[in-house]
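Inspection log for the structure reproduced underneath, given as structure tokens.
Nothing in this text is a laboratory measurement; each read-out follows from the coordinates by a stated rule. Given the structure is predicted, the values throughout are model-derived calculations rather than measurements. Positions of Cβ are generated from backbone atoms using ideal geometry, with glycine treated the same way; all protein chains shown enter the neighbour counts.
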Amino acid sequence: MNIKNIILIGFMGTGKTKVGKLLAKRLGRKFYDSDKLIEEREGKKISLIFQEKGEAYFRWLETQVIAELSSIPEGTAVIATGGGVVLNETNLGYLRQHGVIIALMASPEEILQRVSADKNRPLLQVDDPLGEIKRLLAERSPLYAKADLSVDTDRITPPEVVDKIITLLGH
């Protein structure tokens, strides 16, 4: 039985929150979502934080929350992170201390289909969202590749992703 916390990383729309909640329930662990914790702390949506204070401020907040999440006792949590958590190497260092990092991956087209209706995605409020997804994925993919494990979420349901993760972890 893996005693570490399970950390989900990956681009927006890859299923980190949905899969994380289901995985935590299946394993009897508590679920944490770093983006939700930031929103609770600031009292506003991430899109508003980006708009009012900028991405740099948001990334600073994110690192504070990740540092706190890294102190959760081992084997008790499933943690979903924001898509850009990998942009700061410090974040991965914190998470790796007490967790196994699993990257959830999806194609740009699948991601766009999943997030196109969500107007709270500040990085996609552009003229060419598919192009922006491709650009950001090209930038972040080498960082997601630093995960301990990777699961492709294209064309499968969140419960199927959970099954894959549990199999990979040997639970």
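Annotations for the structure displayed:
- Scanning the range 7-44 for residues that are more than 19 Å from D118 (Cα to Cα) and assigned to a strand (DSSP E or B) gives I7, L8, I9, K30, F31, Y32.
- Any chance S70 is touching a Phe, Trp or Tyr at 6+ places or on another chain (Cβ under 6 Å) and either in contact (Cβ under 8 Å) with a residue 12 or more places away in the chain or more than 17 Å from L137 (Cβ to Cβ) (or both): yes
- Qualifying residue in the range 125-146 (condition: surrounded by 15 or more Cβ atoms within 10 Å (Cβ to Cβ) and touching a Lys or Arg at 6+ places or on another chain (Cβ under 8 Å)): no
- Of all residues in the range 20-79, those being more than 25 Å from I166 (Cβ to Cβ) and of a type in the set (K, R) number 5.
- Test: residue in the range 17-24 that is touching a helix residue (DSSP H, G or I) at 6+ places or on another chain (Cβ under 7 Å) and hydroxyl-bearing (S, T, Y): no
- Looking across the range 97-109 at every residue that is free of Cβ contacts under 8 Å to residues at least 40 places away in the same chain and surrounded by fewer than 19 Cβ atoms within 10 Å (Cβ to Cβ), the one that is farthest from P73 (Cα to Cα) is identified as E109.
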